[in-house]
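These notes are about the structure you will find just below.
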Amino acid sequence: MIRDYSKYEMNDRERLVFYPAGYFAIALMFYLFYHSIILSLAGGLLITKLKPYFENYMASRRMQKLGRQFKDLLYSLSSSVASGRQMAEAIIESCENLQVMYGDDEPIMIELSHMKRSITENNESDSALLSDFAERCKNEDIVNFVNVYLTCRSMGGDLEKIILHTSEILTDKMNIEKEIKAVTAQKKLEGRLIALMPLAMLLILNVLSPSYIAPLYEGLLGRIIMTVCLAAICFGVRIMEKISNVEI
């Protein structure tokens, strides 16, 4: 069970891929800009500075995956409650239903398996389990659903109608978010391709016309120009990511 979905820690396999691949990519980029093996080997060490960004990216992907999977859970919970089952029974039934769609290592199945085990073996309340889940997942849709359910349970009301209506609203919201993310994903891809174009042009000039670009690798002025270009590319990529990262 994941204690905090907003934090991600790489496993051993991911480290074995991330550090060598990242070191090689950064070292290659430094060599492309400076033609210096020493600077390339030293520059590759910057991969350690990128570790937090990569882990934040992976945490974001995991939270998005959980949100998509939660939509399927909403359908299952709604149908179970509509058939007369209590929330605890609906959670157990949903765990069995979603096993057909997801593997045991998927986030939603890890959570449902934990809830099912806690309910059947430890006799824990569904309210406490859902509250703990909402607190750990940091997902607005899940938090809203759990808050509505807890309010309905404490104050009374038509649980079936409220859960069904809430599920419909959250599902519509998720569908809109999916469309927005599809549009922004295209713009992100375009921005990253544009950011790669200067690197591609520099590589082509080094291969096809090394004498034409040789002055940029000789003398202090050439080093300054290449450093400014590299910094501008990095700054542009960062700005592009911030602009295209739409908060929904």
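The values are calculated or read from the model by the stated rules, or taken from the named source; none is laboratory data. As the structure is a prediction and not an experimental result, all values here were calculated from the model. Heads up, the Cβs are rebuilt from the backbone with ideal geometry, glycines too, and the neighbour counts pull from every protein chain shown. Quick note on the areas: whole protein, heavy atoms, side chains included, nothing else; ligands and nucleic acids left out. Shrake-Rupley method; radii C 1.70, N 1.55, O 1.52, S 1.80 Å.
Worth a mention:
- At a probe radius of 1.4 angstrom, the accessible area of the range 104-150 per residue rounds to 45 square angstrom.
- Theoretical ellipticity at 222 nm over the chain - DSSP helices of four or more residues, -39500 (n - 2.57) apiece, nearest 500: -28000 deg cm²/dmol
- Once both labels are positioned 7 Å from their Cα atoms along Cα-to-Cβ, the gap between Asn245 and Asn144 label points is 2.3 nm.
- Packing rank of 208-214, 14-20, where each peptide gets the mean count of other beta carbons within 10 Å, highest leading: 14-20, 208-214
- Share of carbon and sulfur in the accessible heavy-atom surface of the chain [1.4 Å probe, %]: 63
- Principal-axis analysis of the Cα atoms of the chain puts helix 159-208 at an angle of about 10° to the longest axis.
- Across the range 168-248, the mean sequence separation of Cα contacts (distance under 8 Å, 6 or more residues apart), normalised by length, yields a relative contact order of 44 percent.
- If you take all other residues with their beta carbon under 11 Å from the beta carbon of Met10, and give Lys and Arg +1 and Asp and Glu -1, the sum is -1.
- Helix 140-155 vs. the chain, principal-axis angle (Cα, 0 to 90°, nearest 10): 20
- Helix 87-98 vs. the chain, principal-axis angle (Cα, 0 to 90°, nearest 10): 50
- Inter-centroid distance (Cα atoms) of the range 19-35 relative to the range 162-237, Å: 17
- Partners of Lys161 within straight-line reach, counting lysines whose Cα lies under 23 Å from its Cα and excluding those fewer than 8 residues away in the same chain: Lys71, Lys173.
- Under 18 Å of direct C-alpha separation, and excluding same-chain neighbours fewer than eight residues apart, Lys187 reaches these lysines: Lys178, Lys242.
- Rounded to the nearest 20 debye, the dipole size of the chain about its Cα centre is 1140 debye, using +1 on the Cβ of Lys and Arg and -1 on the Cβ of Asp and Glu.
- Added length on full extension, which subtracts the Cα-Cα distance from 0.36 nm per residue, Leu199 to Ala82: 36.3 nm
- The order of the peptides 70-77, 172-179 by mean Cβ neighbours within 10 Å, most packed first, is 70-77, 172-179.
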